[in-house]
1. Taking the Cα-to-Cβ direction at LEU26 and at GLU147 and moving 7 Å from each Cα, how far apart do the two end points lie in nm?
2. With runs of 4+ DSSP H residues as the only contributors, calculate the mean residue ellipticity of the chain at 222 nm using -39,500 (n - 2.57) per run, divided by the residue total and rounded to the nearest 500.
3. Can you tell me which of 190-197, 361-368 comes out highest on packing, and rank the rest after it, using the mean Cβ neighbours within 10 Å?
4. Cut-off is 10 Å between beta-carbons; in what order do ARG281, ARG212 appear when sorted fewest neighbours first?
5. For a test of the definition: using alpha carbon positions, the gyration tensor, and the 1.5 limit on a/c, classify the range 455-523 as rounded, prolate or oblate.
6. If we count every other residue with Cβ under 12 angstrom of GLY248's Cβ, Lys/Arg +1 and Asp/Glu -1, where does the sum land?
7. Relative to the present Cα-Cα distance, how much length would full extension add between ASN304 and GLU90 at 0.36 nm per residue of separation?
8. Taking the Cβ of VAL375 as the centre, find all other residues whose Cβ is under 11 Å away and add up their charges (Lys, Arg: +1; Asp, Glu: -1).
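Any read-out appearing in this document is the output of simple, stated calculations on the displayed coordinates, not a laboratory observation. Note that this is a predicted model, so its numbers are computed, not measured. Methodologically, a virtual Cβ is constructed for each residue, glycine included, from the backbone with ideal geometry; neighbour enumeration extends over all protein chains shown.
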Amino acid sequence: MKHIMKGSIVGLIVVLLIFLLILPVLSFSFAGIVLLVMSFSVIFVGVGYLTQERGKITHRHAKIGGVIFGLSLAYLVIGSIASSGIFRAEAKYQMLEVEEVVFDETIPNVDMDNLIIWDESDAIRFGEKLITEKDPSLGSMYTISKEYGTLSVIQGKPYWLFPLEHSGFFKYMKNQSIPGYIKVNATTGDASFVDEEFTVAPSAFFFDDLKRVVYAEYKDIALTDYSFEEDENGHPQWVITAYTHKTGLSTSNVLGVVIVDPATKAVTFYAKGEEPSWVDRVSSMEIFKEHLDDWGRYVNGWWNPSDTGKLKNTDGIGYVFKDGSLFFYSGITSYGGDEATTGFLIYNPRTGQAQYNRISGSTEQKAMGLMEELVQNAGYTAKYPYLININGEPTYLSTLKGNSGNVVGYAMASVKNYRAVAWGKTLRDAQMEYNRILVAEGSITNILSDQYDSLEKATGVVSRVGSTRDGYFIIKLTGNNTLYIVSSDQHPSIALTEAGDQVVISYIKTEETEKIDAIGFENQSIE
């Protein structure tokens, strides 16, 4: 009996230490608590074996440990099989709410003033430069958090937010708090340091450790996607996706978010649909990918050896900036498909709802290859693209980077037309060239034919003309409030144009009326 008692005590102590280290979800919908029980049984039997005379263990001792271990293992095996796609394919398939829609009705025409131009690596580089300029000593005590950087929407514009992190245990003991965070405009690249002191962070220790602060309040739900966002008052907050399992031991089911104030340590749970309006994501990108995989895999149930109707994502998930909110997107291709998509899935991380745009075309990876072919002599590389709408044309937009990692240009590629690919050193250069190619290829959705005379035309007398530093001229016609942007590289005669000249400007009709890029330009007054 004393060996059983000794084994029990040692087992409980070790399991308690493991518990405090890994902080498992205290729910039988997760494997953590069962694995702890299995660990206890192994230690229980092991201690009994080591403390028995001549290394022998009693039958009763071994039987108790074996029964505990066997029951735990049976629970995991049976639970995993019962909750797998073999038996729960329908439930897994229905986790993603998908509506089939038309592309140009769901993705607004591109807003050049709010494009997500700078990716996470760019934003980190801007932040590191900012810290060096602000206070070189900060870099020795804190690091910019690469793991917890978050793309967020603040006042209708996309920003990267990066909390600072303690460089190590002794730096934490010395400083205790973190002085602020980095904020980078994803469109302009403008970086600023926000002086907002806080203590709760993933790199903190003891009672300032973010995961332990949350675990003290919520032990029976799983947490993922520790996002760093700003609330409506401009204060930093940790926003964490809370979920459980829908089918036994698998299939993530989002419950809501846990919001942690890093300064006050206040922890609040919001059920899905009840979160504050400033929260950008309730569901995580990882859970979206899981649901997307199941939606494509189980479209015709689990038993589908011929892969009939099965779909999958194109090995990448990107962002769409739509209606002032961030959405996830992924290209969709059939099983066995290589460089062609069957459409796109646009996913709302706040509601968990998805829209399927059925469009055949190239994958993101194929488009990146086409972009890089245009600039292969310069050796530029294309980053993972964003999906945008150019006058109804689904388009990939990517920044081009040189060997130093700096952005040296921009590229656009049509999803539907492999030949419609363009690049430029500025966004406007790229878009004007892209529009020209779309017209020549007959790919513009809202024009009637593939000839230039199908474009909208503005004919009139020039009232004002001005030039910009990047080689563009701005034309205003008498009696017309629209400003027309004309490239001097593409239309040299614009440099000779004066007020009073008779001109004809061709352009693609869009909802934009204030500024329009010219596709064609003719000065009829120049002999």
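1. According to this spin-label approximation, the distance is 2.5 nm.
2. -9000 deg cm²/dmol
3. 361-368, 190-197
4. Neighbour counts put them in this order, fewest first: ARG212, ARG281.
5. Since a/c stays below 1.5, the shape of the range 455-523 is classed as rounded.
6. Combined, the nearby Lys, Arg, Asp and Glu give +3.
7. The ASN304-GLU90 span can extend by a further 75.7 nm.
8. Neighbourhood net charge equals 0.
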